[in-house]
């Protein structure tokens, strides 16, 4: 077997183990959730997950700039629109 093939196999094994480890950690975490008796701990965990979800939904500054430009263009020319069916038929 050549060196590249061996490294590819090792990389795949490493990725597989990390995925399995992550799945095992999630399962263990879920088991621990069922044992929580203090509402404040559960609320703290919920808040942490909510913040993480919100952070993942944020758009970049560059994307926000593009959206702002498009919104401004629409405000300045509200009748300058294309019907989706027309666009779809042309493409």
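Brief remarks follow.
- Residue match in the range 67-90 (condition: within 22 Å of the chain's Cα centre (by Cα) and at pLDDT below 95): yes
- Residue within the range 13-35 that is surrounded by 10 or more Cβ atoms within 10 Å (Cβ to Cβ) and not in a helix (DSSP H, G or I) present: no
- Applying the set (1) within 30 Å of residue 82 (Cα to Cα); (2) assigned to a helix (DSSP H, G or I) to residue 47 leaves exactly one unmet item: (1).
The values are calculated or read from the model by the stated rules, or taken from the named source; none is laboratory data. The shown structure was predicted, so the numbers you read here are calculated from the model rather than taken from an experiment. Note that we place each Cβ from the backbone using ideal geometry, even for glycine, and neighbour counts take in every protein chain shown.
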